[in-house]
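One structure is given below, encoded as structure tokens.
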Protein chains: 6
Amino acid sequence: MHELGVVYRNITRADKNAADKLAALGSATVHEAMGRVGLMKPYMRPIYAGAQVSGTAVTVLLHPGDNWMMHVVAEQIQPGDIVVAAISADNCDGFFGDLLATSFMARGARALVIDAGVRDVKTLTDMGFPVWSKGISSKGTIKATLGSVNIPVVCAGMLVNPGDVVVADDDGVVVVPAQAAIKTLEAATAREANEGEKRLKLASGILGLDMYNMREPLAKAGLKYID
Amino acid sequence: MHELGVVYRNITRADKNAADKLAALGSATVHEAMGRVGLMKPYMRPIYAGAQVSGTAVTVLLHPGDNWMMHVVAEQIQPGDIVVAAISADNCDGFFGDLLATSFMARGARALVIDAGVRDVKTLTDMGFPVWSKGISSKGTIKATLGSVNIPVVCAGMLVNPGDVVVADDDGVVVVPAQAAIKTLEAATAREANEGEKRLKLASGILGLDMYNMREPLAKAGLKYID
Amino acid sequence: MHELGVVYRNITRADKNAADKLAALGSATVHEAMGRVGLMKPYMRPIYAGAQVSGTAVTVLLHPGDNWMMHVVAEQIQPGDIVVAAISADNCDGFFGDLLATSFMARGARALVIDAGVRDVKTLTDMGFPVWSKGISSKGTIKATLGSVNIPVVCAGMLVNPGDVVVADDDGVVVVPAQAAIKTLEAATAREANEGEKRLKLASGILGLDMYNMREPLAKAGLKYID
Amino acid sequence: MHELGVVYRNITRADKNAADKLAALGSATVHEAMGRVGLMKPYMRPIYAGAQVSGTAVTVLLHPGDNWMMHVVAEQIQPGDIVVAAISADNCDGFFGDLLATSFMARGARALVIDAGVRDVKTLTDMGFPVWSKGISSKGTIKATLGSVNIPVVCAGMLVNPGDVVVADDDGVVVVPAQAAIKTLEAATAREANEGEKRLKLASGILGLDMYNMREPLAKAGLKYID
Amino acid sequence: MHELGVVYRNITRADKNAADKLAALGSATVHEAMGRVGLMKPYMRPIYAGAQVSGTAVTVLLHPGDNWMMHVVAEQIQPGDIVVAAISADNCDGFFGDLLATSFMARGARALVIDAGVRDVKTLTDMGFPVWSKGISSKGTIKATLGSVNIPVVCAGMLVNPGDVVVADDDGVVVVPAQAAIKTLEAATAREANEGEKRLKLASGILGLDMYNMREPLAKAGLKYID
Amino acid sequence: MHELGVVYRNITRADKNAADKLAALGSATVHEAMGRVGLMKPYMRPIYAGAQVSGTAVTVLLHPGDNWMMHVVAEQIQPGDIVVAAISADNCDGFFGDLLATSFMARGARALVIDAGVRDVKTLTDMGFPVWSKGISSKGTIKATLGSVNIPVVCAGMLVNPGDVVVADDDGVVVVPAQAAIKTLEAATAREANEGEKRLKLASGILGLDMYNMREPLAKAGLKYID
């Protein structure tokens, strides 16, 4: 995690089918399917509601107030990728706007996930380029310091290796390690399959207490009802 | 406030007419009508804009990362209720999603107010089930620890007794003690009646300075105009 | 900055043409055109998405929980002004709602920028009166303490002199000193003119690395590519 | 919780012996003895390290930036009391300094717990008057608005009724309901008695895994050791 | 406030006698004496307790993660000055450590006030060089971007002009405009003179209610006592 | 990073000599020697001032409000280790107190670094067991959920692999990857050697501007002096 000024051009991306299909399952189901791990901090919010994407991570480590490496990472994007940008210290400047988004889209990027700020959010919304970020800020950045591209980074509290799958929607951003992508897709799909039936039961008025057989363990734990 | 593992089945709900009608007046007017008290911390935000509800509180005390009691409180919901969930320590996990919402709606709940996180917000929005929460998070929770249901709780800095009226809209969440519900409805209605006339005057260009007779007290307080 | 209880009636507003036209360029471009200064803290957010305004500042200094001076500043508003409200200590009460907005609009105000909370946000949205604020809160305020009007204030970390131009959109709020308004309009317009061409190039797949001739300085700085 | 402008002169204080002796057990042990409830938010910090107190609560509800009621509550202090001050909205002004501390000490107060700011902390430290607060601030306050004294208040997220026992030390502030004071003292004392023996065992190198018989439940829960 | 890359070598410092003597009065008294204005945000904390200083401000505007201008401002320090460092965007890196402190002390600086982070705090404490900062961080900074020296800056929410008096102690940091220094010293001294007598009265058990004649205005405002 | 319920018993610890000697260099120097990376978020603060340690990391991943795995990790401690505890979601409960500290010390642990809260800080201070944490809280935890021991974790924003070197002092906490420990010790030692001479020069009044030959690059960057 500690190299600086290095760009790895060859990374091993997760299975493409899994990387594409995880989006439909959503971050909450994927997070559960992995055993309740992999979620970035919940301060990561979409700049507009409703986007739901998944893709393979290309990573970039930036420094506060300096977006030079965003141009370097652009070249490493392949169709289906999501750029994951980490910053070496807390900073909410606007590292990314409509021009970079135009370039990222031209390269086939599906989204940006950045532990900092972005700007031009109205234009980005019109362009349909989704971004999950820590904040929104007009403040521009300089181009003076080297970071690195496609090294493991910690973004919003979560380790992201280049090639991992990123799943992002209105609930947050989840990272699936590349080697776990297929298994996670299976587990999440199975989980999802279950939910339709549960939803029908609950809608009919059946309680979770009964559907999940919770009354006995609750009583055992000592729950008392008082009239 | 300090019992654990207890569910009170019989609570005294506020006057139903007042509990229903306070929604239309809105949280700001109700808060003023109570003498400027009763507001939860402003970090409580709706998951979608535009919802405006009121109803009687059923309360639940949860522990960090554990939503077991959400299933217990579901059974205590009656039509017209709003579930108020407090957590015994700061935590932003996603305690609530579309399955629980389906169950709550089937029981007649109008909304959830929770001093923690929720998930499946896109589905909740589509379902039209409003939630006011501290945050949004994909992170799921376990089912291991007892809390309590229908005890007095502190939610987002405000004491809520079971049966109190909760009024929530885009401006925030206000709690009206059950015994004050009717009086508050009257005071808020009177206040509201006044506002139409004031609005017309202000729209015509009359200043608040004149409409409220502020010039004299301002001068007395020492306000000086400099040309 | 330290007078209290004073209202300056005559202020020198920035060039009207510049104050009107800066809106179209947006806060990010204006901020860059000024040499990357002038931005308020990014916690200042619009109460609804999509508003984009500019205008001349009339300023007001308020005290926590006290909006008396909002009525005093209303009288000083001229068409094309934006009210900038600073608070003498951190406070998120709702200092402003639909009645004051009616009055401000009747006076010709284009927006409010306030380092505190506002309420009635649904009505304000319906009225189309944009507000940039630190938060939203139903909590009302009292009318007991003098502040000042049209003195220099620090709002959300930025000095604002009465008559300065304020530019606000979804990316944030930028302050342009009155004497720099014309020059900033020219610089921002020139900057904007450039962007169309750049956007076309980037959309065609040309990289920023090449368009901005970054490869050489990156190599000089020591960037290494590893296959 | 919603009366304003009222001072209750007669309150029922918790058992004096319990109120006095709980200090020695400390906030962590007392919190455990109550079943892990009663703790104020951990942002409440002592202005100096090492103070450890308990006493009966006299409560006061203040408004942002206004300390008028601190003088009203002073008269209600009896020897052995701790003043608990809640604010009707988040505010960090300095509501309390050395003059008020002099008056509180003269009345027999043992400490102040305030969900806001204080000042003169160097002098307060020299005087040995402990304060737990949300912050420190030179900012003074006005005297314009009524609050109430000896009503139930929510302070730093915890309900405090007048007469409850407050236990505060370097770990935080815990509230013991008056009617639970004696039982809590017994439970906490029993808990404490246990700890000496445990400490000796752990110091000798015996592991908690063995002392608490955790190996079996851990294995049952599925814990795997990998060499 | 918006020039970059400029160093003003000649600034008008406040009256030396006032700048020296305000320290003894403390930030709270000075803040009151100015009419309750001038205080920086209370997140500004001393790196060690007990320091109490005043002096004339030399100012510097820095960029996130870049402390180049700290070396430029060092040259502008005269004995009795306090360096006030503002940052163009929120950033908590360690801009200052023992080497710079050695240089500042050699130039006669009395303290640093910085709206960012510092490091080497143990050594700074041993050296007796007081710093008020937003945080502490080992993170070093680069030297790549120009800021300015001795321009007006906003530091922790407060406007500071070069030459203003800065008063800092355990309660916070107050800024006295240069032209108000003498008058503020007089007002603060008068205020202080009053306090001794008040303290004696309060210590003897006389209540603020009586000493300040508050009973009547409280009754007028509607305060009710209930037995 | 995503395994749960696993304890790795055999980890490769960094070179012991380097792990021991890095403490004396301090977190700031070590952070610089690594190329300005490796620092945990600056919200990690020591519970008492003055401790300065280094050692090899044994890691533990915990869940909010559950410290069961702290007993599991205790068994894996070897003399010279520092326990690094990460939590799967933000939580400030008191996961650690004097009993666990007694056990950790008996095993030879030098410190705890935990991205959550601790309690019994007065006793921990008396015992001389240093802790760097996100907060202090009396709130106890349950023992219900499996985490893992000696897996890679993200603690306060930084990746920590078991066996890495942790360096912690009043300035913060730095992580040195095991394989970089020796090289970092050399680089930090060299850096330190330089500092004595620099300090003497600066103390004699020589400016950093001259000592570091900054005048020319500053002029080139466009810095202007105005008299």
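The values are calculated or read from the model by the stated rules, or taken from the named source; none is laboratory data. Computed from a predicted model, the values in this text were never measured in an experiment. Quick reminder, even Gly has a Cβ in these numbers, built from the backbone with ideal geometry, and neighbours come from all protein chains shown. Protein only, heavy atoms only, side chains kept; ligands, DNA and RNA dropped before computing areas. Shrake-Rupley method; radii C 1.70, N 1.55, O 1.52, S 1.80 Å.
Observations on the model:
- Of all the listed residues (D:109, D:168, D:116, D:178), the sole one being over 16 Å from residue D:19 (Cβ atoms) and small (Gly, Ala, Ser) is D:116.
- Number of the condition not met by residue E:123 [criteria: (1) within 10 Å of another protein chain (Cβ to nearest Cβ); (2) buried (at least 24 other Cβ atoms within 10 Å of the Cβ); (3) more than 26 Å from residue C:157 (Cα to Cα)]: (2)
- Criterion (of a type in the set (Lys, Arg), out of contact with any Cys (no Cβ under 9 Å at 6 or more places or on another chain) and farther than 24 Å from residue D:225 by Cα) met by exactly one of F:122, F:134: F:122
- Subset of the stretch D:73-89 that is within 14 Å of chain E (Cβ to nearest Cβ) and surrounded by fewer than 24 Cβ atoms within 10 Å (Cβ to Cβ) - its residue that is nearest to residue D:134 (Cα to Cα): D:74
- For the stretch D:62-76, the condition of being within 29 Å of residue B:87 (Cα to Cα) and touching a helix residue (DSSP H, G or I) at 6+ places or on another chain (Cβ under 9 Å) holds for at least one residue.
- Residues in the stretch F:135-169 that are within 10 Å of chain D (Cβ to nearest Cβ) and open to solvent by 20 Å² or more (accessible area, probe 1.4 Å): F:136, F:142, F:143, F:144, F:145, F:146.
- Scope the stretch C:48-65; condition surrounded by 24 or more Cβ atoms within 10 Å (Cβ to Cβ) and closer than 30 Å to residue A:47 by Cα; matching residues: C:54, C:55, C:56, C:57
- The requirement of being within 7 Å of another protein chain (Cβ to nearest Cβ) and over 18 Å from residue F:172 (Cα atoms) is not satisfied by residue F:27.
- The single condition among (1) closer than 26 Å to residue A:92 by Cα; (2) open to solvent by less than 60 Å² (accessible area, probe 1.4 Å) that residue C:45 does not satisfy is (2).
- The stretch E:196-211, residues that are hydrophobic (A, V, I, L, M, F, W, C) and either in contact (Cβ under 8 Å) with a residue 12 or more places away in the chain or at positive phi (or both): E:211
- Only listed residue being over 27 Å from residue A:117 (Cβ atoms) and small (Gly, Ala, Ser), chosen from C:133, C:148, C:137: C:148
- Yes/no for residue D:209 being touching an Asp or Glu at 6+ places or on another chain (Cβ under 7 Å) and either surrounded by fewer than 19 Cβ atoms within 10 Å (Cβ to Cβ) or under 30 Å from residue F:105 (Cβ atoms) (or both): yes
- Given (1) in contact with a Gly (Cβ under 6 Å, 6 or more places away or on another chain); (2) over 24 Å from residue A:200 (Cα atoms); (3) crowded, with 22+ Cβ neighbours inside 10 Å, number of the condition residue B:36 does not satisfy: (3)
- Residues located in the stretch F:55-81, provided they are part of a helix (DSSP H, G or I) and farther than 17 Å from residue F:120 by Cβ: F:68, F:69, F:72, F:73, F:75, F:76
- For the stretch B:33-65, the set of residues classified as away from chain F (no Cβ under 14 Å) and under 30 Å from residue F:143 (Cα atoms) consists of B:58, B:59, B:60, listed by residue number.
- When E:180, E:188 are checked against the criterion of being on the phi < 0 side of the Ramachandran plot and either open to solvent by 40 Å² or more (accessible area, probe 1.4 Å) or at the interface with another protein chain (Cβ under 8 Å from one of its Cβ atoms) (or both), E:180 stands alone in meeting it.
- Selection of the stretch D:212-227 for residues being open to solvent by 70 Å² or more (accessible area, probe 1.4 Å) and either of a type outside the set (S, T, N, Q) or at pLDDT below 95 (or both) yields D:212, D:215, D:216, D:220, D:224, D:225, D:227.
- Any hit, the stretch E:60-68, residues being more than 21 Å from residue F:202 (Cβ to Cβ) and within 11 Å of the chain's Cα centre (by Cα): no
- The stretch E:90-120, residues that are touching a Phe, Trp or Tyr at 6+ places or on another chain (Cβ under 9 Å), open to solvent by less than 10 Å² (accessible area, probe 1.4 Å) and either under 25 Å from residue A:65 (Cβ atoms) or modelled with pLDDT under 95 (or both): E:96, E:101, E:104, E:112, E:113, E:114, E:116, E:117, E:118
- Residues that are surrounded by 24 or more Cβ atoms within 10 Å (Cβ to Cβ) and either polar (S, T, N, Q) or in contact with a Phe, Trp or Tyr (Cβ under 9 Å, 6 or more places away or on another chain) (or both) within the stretch E:16-33 comprise E:27, E:29, listed in sequence order.
- Residue among F:132, F:68 that alone is of a type in the set (Phe, Trp, Tyr) and either within 9 Å of another protein chain (Cβ to nearest Cβ) or surrounded by fewer than 24 Cβ atoms within 10 Å (Cβ to Cβ) (or both): F:68
- Among (1) free of Cβ contacts under 8 Å to residues at least 60 places away in the same chain; (2) out of contact with any Phe, Trp or Tyr (no Cβ under 8 Å at 6 or more places or on another chain); (3) not β-branched (Val, Ile, Thr) - the single one residue F:70 does not satisfy: (2)
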